[in-house]
1. I'd like the full set of residues that are open to solvent by 40 Å² or more (accessible area, probe 1.4 Å) and in contact (Cβ under 8 Å) with a residue 60 or more places away in the chain, limited to the stretch 144-156.
2. How many residues, within the stretch 653-677, are more than 16 Å from Y565 (Cβ to Cβ), open to solvent by 80 Å² or more (accessible area, probe 1.4 Å) and in contact with a Ser or Thr (Cβ under 8 Å, 6 or more places away or on another chain)?
3. Which is modelled with pLDDT of 90 or more, of a type in the set (V, I, T) and farther than 21 Å from P111 by Cα, of I163, I181?
4. Which condition from (1) farther than 17 Å from R595 by Cα; (2) part of a loop (DSSP other than H, G, I, E, B) is the one that T696 breaks?
5. Could you say which residue among R259, R244, R184, R250 is open to solvent by 20 Å² or more (accessible area, probe 1.4 Å), under 30 Å from P422 (Cβ atoms) and touching a Phe, Trp or Tyr at 6+ places or on another chain (Cβ under 8 Å)?
6. Checking the condition open to solvent by less than 40 Å² (accessible area, probe 1.4 Å) and not in a strand (DSSP E or B), which residue from G363, G334, G317 passes?
7. Go through the stretch 295-311 and count every residue that is assigned to a strand (DSSP E or B) and touching a Lys or Arg at 6+ places or on another chain (Cβ under 9 Å).
8. Only one of V596, V574 is surrounded by 15 or more Cβ atoms within 10 Å (Cβ to Cβ), under 20 Å from L357 (Cα atoms) and touching a helix residue (DSSP H, G or I) at 6+ places or on another chain (Cβ under 9 Å); which?
Amino acid sequence: MWSIRTFALGARIVRRAALPLLPAVAALAFVCAPLSAQLSQLVVHRVKFSGNTAIDPDLLAASIATTESSFFVWFGPLRWTGFGTKQLFDELQFRADVYRLQILYKRSGYPNVKIDTVVHRTPTAIDVTFRITQGDPVRLTTFDIVGLDSVAKAYQVRRDLPIAAGDVASDYKLHDAADTIMFRLRNRGYPIATVTLANDSQHVVSSTARLLVHTGRYSRFGPIHVGDTAGVDTALVVKLLAARTGQEYRLDDIVQSQRILYNADLYRLAVVSVDTAHYTVNDTLVPLIVAVEASAGHRAKASAGYGTDDCLRLGAGWTARNFPGDALVFDVTGQLSKIGVGDPLGFGLQDNICHQLKDDSIGSRQANYALNASLRRGAFLSPNNSIALSVFATRRSEFEVYQREEVGTSLSLTRNTSANVPITLTYRIANGTTTANPASFCAFFNTCDPAAIAALQQRRTQGTLTLSIQRQRLNNPLDPLRGYSVSAAATTSSKWLGSSTTQQFSRLVGDASGFLPVNRTWVLAGHIRGGVIVAPQIDIAGDSGNFVPPDQRFYAGGANDVRGYDQNELGPIVYVVPTDSVTSATPPFSPTAVRVAPTGGTRVVIANLEMRIPTPFFAGRLRVAAFVDAGALWNSGGPSPLRVTPGMGLRYSSPLGPIRFDVGYNAYDLQAGPLYEISTDGSLTRYQTGYVNPRTSRFTLHFSIGQAF
């Protein structure tokens with residue numbers, strides 16, 4: 001037995017033996033400590049992969065812990081700035097990354113993968129390359145799905161799976177196939193369907209795979225119970241649901257029911273789920289329970305803002321829910337714009353903060369307004385339908401082009417398809433007048449007769465029928481980083497719909513945007529738009545032509561399409577010079593006295609490409625953008641040349657959306673057009689054909705809120 005004395009004696013012996021070693025230990029610690037500290041502070045400049053053809057490098061980078069620093073840290077000419085996020089090197093995590101990549105490859109069907117590393121160190125930084133030798137993959141020779149014999153039309157469950165016989169035996173894709181089958185069955189009457197992979201616990205890549213399907217009993221929706229909530233019409237809740245008692249069980253119907261309840265704008269909380277307290281796995285009826293909480297009966301809202309083409313603007317609205325009942329929602333909204341420059345709300349702001357509108361004697365002459373009262377209802381004839389009836393009075397305008405004032409009504413029916421793609425049919429009839437620059441009628445309708453121009457600007461009735469469709473899959477509607485948005489609309493106006501002779505046309509326009517993350521922070525955004533308008537030939541004061549109302553033509557140029565141009569400057573234009581500015585001197589007038597009057601067109605093509613990159617400082621809020629815009633706008637007589645304008649911009653993320661500042665470069669002069677001399681009484685005389693006003697600057701500035709597309 002050891003005694004305390006013996007232990008003390010042993011301690012003295014160890015201490016005496018260790019004393020001579022203390023200097024060596026101290027020296028070793030002195031040398032190793034700086035090396036360890038230095039190693040832990042190495043900055044990862046680059047992380048590269050070589051030899052990988054089966055797996056995307058972005059997926060490989062996301063699967064490991066070693067991450068490269070931002071561009072400003074590793075790019076030599078910019079390192080001195082000190083900007084960007086630094087990623088420090090971790091030796092233990094780096095070693096574990098090799099195993100992470102091996103597991104990823106082996107489960108992807110490459111069991112013989114070899115991972116090697118090449119490391120280049122400097123005193124302060126490190127570059128890492130993972131050299132991958134993939135080896136031959138294992139391919140599925142057989143792929144069986146067992147357990148679908150009792151399922152009607154089982155071939156529909158089996159088709160278009162992520163993996164098939166002959167493909168690389170990826171464990172990930174096999175699990176994706178299992179999940180796909182499970183969700184398909186749960187949308188075909190099998191609420192407890194499960195799909196497992198045979199020998200799944202072994203995680204061994206094999207040339208044979210078998211999915212075991214357990215369908216459970218075929219079921220239908222059973223009783224629907226709405227939780228007791230004060231002030232909620234339970235019968236109305238059941239009426240709004242896509243899931244109905246007696247219908248085949250579908251998981252999508254439960255999700256769609258919850259979406260419909262929210263879209264009805266009657267409830268601030270809506271949950272639809274299986275009533276597990278009254279359901280067992282052997283039941284053929286699946287009961288549902290619905291929990292809702294009513295929204296406030298009334299809602300008021302207000303807004304204020306500033307826009308380059310609107311100056312100051314105000315908005316207000318009031319909503320009454322379930323008014324007078326049966327899920328009806330009553331909305332009243334009002335908007336004012338051109339405040340500060342347009343009568344009777346002009347306060348002289350055109351001389352300072354709204355100086356862009358100073359020379360706009362058409363669109364900014366009067367304040368714009370919009371009053372709208374609408375009654376809408378969800379679940380009209382079907383849970384997937386909604387209907388809205390509106391009456392409105394508006395005065396709207398387009399910069400330097402036209403001003404339209406009208407009153408009218410509209411009726412729209414929207415169908416939300418099973419793919420969550422809304423299709424809307426709208427009938428709109430309005431009585432109004434359009435005021436435009438007289439020179440635009442001269443150029444577009446080939447008449448300068450004051451009587452003919454007055455006839456075209458008389459109050460007329462316009463009845464239109466529009467069919468529109470939109471599909472949107474964006475991760476963020478205000479500032480998307482990935483996804484796409486596609487829309488199309490077809491509009492026709494004819495006497496059969498109540499339109500006057502001068503208001504007949506057909507209009508087709510399509511729009512598509514896509515957003516692709518290049519890496520974790522860079523986003524490539526693209527956009528394309530195209531449209532065409534046709535109109536019948538009419539006769540006015542002895543002149544004939546295919547007249548399209550100014551408020552229905554296409555316009556291009558500005559902050560949201562071709563940014564090398566000012567608003568509406570791209571495409572056909574005419575020039576106007578006052579008579580008192582014309583002299584007998586040479587040249588007869590100053591270019592600054594000439595006003596540009598866009599006339600719009602009946603054919604348009606717009607394309608945009610933009611790269612959005614975070615800045616090295618305030619990376620979460622501030623981004624730079626490099627863009628190239630291209631567009632052409634013309635009439636049916638012949639195509640206009642395509643114009644391409646590059647540029648740069650800044651984006652600042654705000655609660656209202658990105659605040660955007662863009663600078664576009666334009667190497668082109670304005671399009672040639674007729675020059676008209678306008679007298680004090682408003683009469684027009686063609687002064688010159690093919691006039692071109694010289695551009696004063698090659699750079700165009702735009703300031704706005706929201707992304708361009």
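The values are calculated or read from the model by the stated rules, or taken from the named source; none is laboratory data. These numbers come from a predicted model, not from an experiment. No Cβ is skipped: glycine too gets one built from the backbone with ideal geometry, and neighbour counts run over all protein chains shown. Surface accessibility is based on the protein's heavy atoms, side chains included, excluding ligands, DNA and RNA. Shrake-Rupley method; radii C 1.70, N 1.55, O 1.52, S 1.80 Å.
1. Residues satisfying the conditions are D144, V146, S150.
2. So the count comes out to 0.
3. Matching residue, one of I163, I181: I181.
4. Every listed condition holds for T696 apart from (1).
5. R244
6. The conditions single out G363.
7. 8
8. Only one candidate passes the filter, namely V574.
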